[in-house]
Each structure stands twice: as structure tokens, then as C-alpha cells.
1. Under the condition of being aromatic (Phe, Trp, Tyr) and under 15 Å from the mean Cα position of the chain (by Cα), which residue from the stretch 105-161 is surrounded by the fewest Cβ atoms within 10 Å (Cβ to Cβ)?
2. Looking for whichever is out of contact with any His (no Cβ under 9 Å at 6 or more places or on another chain), within 28 Å of Ile233 (Cα to Cα) and at pLDDT below 95 here; the options are Leu166, Leu176. Which one fits?
3. Just for the stretch 68-93: of the residues that are among the small types (Gly, Ala, Ser) and touching a helix residue (DSSP H, G or I) at 6+ places or on another chain (Cβ under 7 Å), which one is nearest to Asn121 (Cα to Cα)?
4. If Glu94 satisfies every condition in (1) part of a loop (DSSP other than H, G, I, E, B); (2) acidic (Asp, Glu); (3) at pLDDT 50 or above but one, which is the exception?
5. What residue, among those in the stretch 139-157 that are of a type in the set (A, V, I, L, M, F, W, C) and in contact with a strand residue (DSSP E or B) (Cβ under 7 Å, 6 or more places away or on another chain), is farthest from Asp100 (Cα to Cα)?
6. Suppose we filter Arg133, Arg125 for residues that are part of a loop (DSSP other than H, G, I, E, B) and either of a type in the set (Phe, Trp, Tyr) or closer than 22 Å to Leu208 by Cβ (or both); which single one remains?
7. Being part of a helix (DSSP H, G or I), acidic (Asp, Glu) and at pLDDT 70 or above is the filter here, so list the residues in the stretch 237-286 that pass it.
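The values are calculated or read from the model by the stated rules, or taken from the named source; none is laboratory data. Because the structure is predicted, anything quoted here is derived from the model rather than measured. FYI the Cβ positions are ideal-geometry reconstructions off the backbone, even for glycines, and counts take in every protein chain you see.
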Amino acid sequence: MGALARCGDRHDSDSGRRAGLCDRPRRCARENRALTPKAARGGTDGCVAAFVASEDRVRPNSVRSLSAVICAYNEAGRIGHVLKSVVQHPYIGEVIVVDDGSSDATAAEARSFAGVTVLTNSENRGKSWSLARGVAACSFDHVMLLDADLVGLSADHLTSLAAPVLDGVADVTISLRRDSFYRAIGIDFVSGERVLPRAVLMQVLAELHSASRWSAEVLINQLIIERKLRLAIVDWDAVTHASKLSKQGLAGAFADLRMVHDILAELSAVGLVRQTLALRHAARLS
């Protein structure tokens with residue numbers, strides 16, 4: 001994996017504050033835009049500029065096309081299976097794992113793969129914040145977002161997710177998995193696997209940095225709708241994931257409920273249904 005971009009600095013601790021990240025993200029974000037999916041987006045404020053300029057930013061040295069960002073919390077024994085498919089993929093020029101304050105060997109397992117950059121949060125901050133940190137560190141124009149607990153992932157799945165965007169057929173791709181918890185409750189498009197331009201993610205970076213723990217996908221989805229981006233849906237019927245219940249027991253079941261709560265707090269039940277219908281319509285038009 002010598003072609004992967006490597007970062008010259010170690011990332012064994014949360015460098016947010018010493019890199020100049022705003023310690024009042026909600027206030028900073030509100031000054032630039034309301035923290036709702038319906039807010040007008042564009043531009044960056046001081047908080048975002050500091051985030052982007054942080055030393056987490058990976059220096060590119062590859063001609064490949066994608067940055068892959070994987071947020072992980074206590075995924076030792078699982079993240080390695082995902083990385084085996086990711087690190088050798090010809091479309092992926094760098095892999096960034098954001099370890100969200102894990103208490104297990106997640107970071108060590110990720111670092112065992114040559115060329116993988118590991119950013120470690122000093123405490124558990126949630127997926128939205130971790131995703132913002134990972135995106136800020138990317139050096140390529142397009143980003144592939146992946147969950148760390150996927151089962152059955154292959155290079156062909158990654159190709160199917162990336163190709164429509166890289167070929168210019170779509171602006172954004174989203175995978176739909178048959179086992180998805182969200183598909184079971186009818187909101188298929190809250191999926192952690194997608195490819196999209198980094199510039200799109202940068203437009204919601206401040207919101208991701210200060211959003212609730214699990215609202216990242218609905219924020220990104222709303223931007224897809226507002227900007228009328230071309231959307232392609234990729235079926236990953238053979239890919240599953242390790243459920244929170246299987247990983248954490250009863251605590252995992254409560255974690256799933258907290259995810260739903262965060263999503264509904266961001267958008268409301270009616271808003272979420274409308275978003276899902278709008279995305280399905282956008283996918284049919286693409």
C-alpha cells in the first residue's frame with residue numbers, strides 16, 4: 001500500500017485544541033448559519049477555517065481519486081476486516097480512521113495496516129464530530145464514508161459505490177444494505193456508506209462539528225436535496241454489519257434508540273419521511 005498518502009505527524013491523541021479548534025462550536029456555528037438542515041449553507045467561519053487548517057490534514061502524494069474516512073468506537077476485531085478491502089483498493093488514495101476514544105485496541109488494529117492514518121479522540125465525542133475531523137484531514141476531492149463494523153465487504157462493493165461518482169454519472173452515491181436497521185423502520189437513506197465531493201461535506205463541517213452524535217447523515221442528506229445533487233443508489237445486499245445489540249448487549253439496544261432520538265431531534269418524524277421521499281425521487285431522476 002505504498003501509494004497511500006502518509007501523514008508525517010503522529011496522531012495518537014486528540015489534537016483539536018492545540019490545532020486551534022474552536023472550543024465553542026455551537027455558538028460559532030450559529031453565528032454563520034442556523035444549526036438546522038433547512039439552513040442556507042456555504043462559506044466557512046473561523047471555527048471551520050481553524051478545523052481545516054489543523055495539523056490533522058493529510059499531505060497528498062498519490063494520483064488516486066478518493067479519501068476513505070472510517071469512524072470507529074470499540075471496533076477491535078471488526079475494523080480490520082473492513083480495512084483489508086479498503087487499503088488495497090485502486091480508487092482509494094488514503095485511508096483515515098478516526099478512533100472515537102475507544103477503550104479497546106481499535107486504534108492499534110487500524111495502525112497495523114500500512115499507510116492508514118489514525119486520528120484518536122481523547123474522549124468519545126460521537127460520530128458527527130469524528131466525521132468532521134476525518135473530513136477536515138482529507139486531501140482528495142472525493143470522500144468515501146464507511147462504517148467500521150461492516151461484514152462481507154469486498155473490493156467489488158467499494159468499486160460499485162465509487163464508480164458512479166468517479167465516472168461522472170452521479171454527484172453522490174449511497175449504499176443500501178438489506179440488514180440495515182434504518183431500512184427496517186423505513187428510512188433507508190440514513191446510511192453510513194457513501195461517496196461524495198469533499199466540497200459538499202465542507203459546507204456542513206461546522207454543523208457536523210457541533211451536531212448531535214448521530215445526525216451526520218440527515219444533515220448531509222438535506223444538503224443533497226437542497227443542492228439538487230445527482231444521486232445514485234447502490235444495493236449492497238450481501239453486506240451486513242455487526243449490530244449494536246450483538247456488540248454491547250442491552251446497552252447497544254439503547255444506543256440504537258439514542259440514534260433514532262438524535263435523528264428525530266434534528267429533523268422531526270415528518271421531516272425525516274419527507275427527506276426519505278425526496279431522496280428516492282432524486283435517485284429516480286438521476
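1. Restricting to residues being aromatic (Phe, Trp, Tyr) and under 15 Å from the mean Cα position of the chain (by Cα), the top hit is Phe140.
2. So the residue among Leu166, Leu176 that is out of contact with any His (no Cβ under 9 Å at 6 or more places or on another chain), within 28 Å of Ile233 (Cα to Cα) and at pLDDT below 95 is Leu176.
3. Ala72
4. Against the list (1) part of a loop (DSSP other than H, G, I, E, B); (2) acidic (Asp, Glu); (3) at pLDDT 50 or above, Glu94 comes up short only on (1).
5. My answer is Phe140.
6. Arg125
7. Selection gives Asp262, Glu266.
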